[in-house]
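Reading through the C-alpha cells given below for one structure.
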Amino acid sequence: MLGLGIDTGGTCTDAVIYDMEAKHVLCHTKTQTTHEDLTKCILAVMKDLPRELFHQVDFIALSTTLATNACVEGKGGRAKLMFIGMTVEDIAQNAPSYGLPPVDEIYCLPADIPLDPSRIREPDWEKFKKDLLTEFKDCESVAITQLNAKLNNGKFEQEARRIIEETLGLPCITGFELFQEYNIYRRGASALLNAKLIPVIKEFLEAIRYSLNEMGLDRPIVIVRSDGTMMSESYACQRPVETLLCGPAASIMGAMELCNDKNQVIIDMGGTTSDIAL
C-alpha cells in the first residue's frame, strides 16, 4: 500500500510517497509555500513526484502548520464571539483573563438561563435577527456560546447557528459541541479560536481538492490531528483547532516509524516555529 503525504508549512510545502508495507520512502519533493495561492505550491510538489507512482497511491495524508502559525502570529479569519445569557458587565470583568476580545467586539444576546431548567426563558430572536446585518456584516465565521448550556443541551446555541447560517451563510462554531464544562469563558475562547481557524483550514483543503482534481487523482483523504491520530475532512472543518501542532505531530509519528530506537528526542525546526518532543 502506498500513501501520499503532503505537508504545507509557513515556509515550505513537502510531498512524499511512502510504501506502508516496506516502510520505505519512495520519493519526496519540496517547494516554497505560496501563501497568496496555496494551489500553486501544492500542485508544484504533486507534479514533481514520479507520475507512475503518484497514480498508484491508495490514500492521501495531510498535515499543516498553517493553523499553528496563524495562532503564533495572531492571524486567522475574521470571527466574532457571541454570548447568550451573559451580561456586558460580567463579560467586561472576566473576559480579559481568558484572552477574549474587548467587550465591545463581543455580541451579547440577553436570555434568562437560571440553573432551574423550568425557569429558562427564550432569547428575543426577533431582535437577534434585526441585529445580524449590522453586528456580523464583516465576519467570516461566528463562535456561539450559551450560559448554562448543559441545562438544555445548547438549544439556544443551535437556534442562533441556524438563524446565522440561513440569513448570512456564515459557518458557526458552538461552544457546547466542543466542551460540556460550565466555564462559559473557556468555552467561548475555544469556540472563538475554532471559528478563526475555519477560513485557514478551509483554504488549505480547497487547495488540496483543486490540485487533486487537476492531477486526476481521487483518493481518500485523512488529516493528522495534534495527537498523531487521523481525522476526516469534515471533522477538520468542524474542529480546525484539532489541526494545531499537527505538523510537528506528523514529524514525530514519521520519525517513530522510520527509526528503530525505543527512546527518541525529535526536533522539528520550521520557518515559523521549532518543536521538540520526547
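Look at GLU89 and say whether it is among the charged types (D, E, K, R) and open to solvent by 30 Å² or more (accessible area, probe 1.4 Å).
yes
Filter the stretch 223-239 down to residues that are open to solvent by less than 50 Å² (accessible area, probe 1.4 Å) and closer than 11 Å to ALA250 by Cβ, then give me how many there are.
So the count comes out to 3.
Tally up the residues in the stretch 236-260 that are farther than 30 Å from SER141 by Cα and modelled with pLDDT of 85 or more, please.
Adding up the residues that qualify gives 9.
Out of (1) open to solvent by 40 Å² or more (accessible area, probe 1.4 Å); (2) under 23 Å from LYS196 (Cβ atoms); (3) not hydrophobic (A, V, I, L, M, F, W, C), the odd one out for THR145 is which?
(1)
Please go through (1) free of Cβ contacts under 8 Å to residues at least 40 places away in the same chain; (2) in a strand (DSSP E or B) for LYS130 and return the number of the only condition it doesn't satisfy.
(2)
Out of the strands (runs of 3 or more DSSP E) lying entirely within the stretch 182-278, which hold 2 or more residues that are not aliphatic (A, V, I, L, M)?
274-277
Please go through the stretch 38-63 and pick out each residue that is under 20 Å from THR243 (Cα atoms) and out of contact with any strand residue (DSSP E or B) (no Cβ under 7 Å at 6 or more places or on another chain).
Listed by number, the list holds a single entry, THR39.
State the number of residues belonging to the stretch 1-34 that are closer than 22 Å to GLU206 by Cβ, outside any strand (DSSP E or B) and touching a residue at least 24 places away in the same chain (Cβ under 8 Å).
4
Return yes when GLU233 is at pLDDT 95 or above and acidic (Asp, Glu) and no when it is not. I'd like the intermediate steps shown before the answer.
On the way: at pLDDT 95 or above: no; acidic (Asp, Glu): yes.
No; evaluated as a whole, the condition is false for this residue.
Which number in (1) assigned to a helix (DSSP H, G or I); (2) modelled with pLDDT under 95 marks the one condition that SER63 misses?
So the condition that SER63 fails would be (1).
Would you mind stating whether THR65 is in contact with a Gly (Cβ under 7 Å, 6 or more places away or on another chain) and open to solvent by 20 Å² or more (accessible area, probe 1.4 Å)?
In short, yes.
Taking PRO171 and the conditions (1) in contact (Cβ under 8 Å) with a residue 24 or more places away in the chain; (2) in contact with a strand residue (DSSP E or B) (Cβ under 8 Å, 6 or more places away or on another chain); (3) open to solvent by less than 40 Å² (accessible area, probe 1.4 Å), which numbered condition does it fall short on, given that it satisfies the others?
(3)
Pick from GLY169, GLY154: which is small (Gly, Ala, Ser) and more than 19 Å from the chain's Cα centre (by Cα)?
Just a single option satisfies the conditions, and that option is GLY154.
The values are calculated or read from the model by the stated rules, or taken from the named source; none is laboratory data. Just so you know, these numbers come straight off a predicted model, no measurement behind them. As a convention, Cβ positions derive from the backbone with ideal geometry for all residues, glycine included, and neighbour counts pool all protein chains shown. Quick note on the areas: whole protein, heavy atoms, side chains included, nothing else; ligands and nucleic acids left out. Shrake-Rupley method; radii C 1.70, N 1.55, O 1.52, S 1.80 Å.
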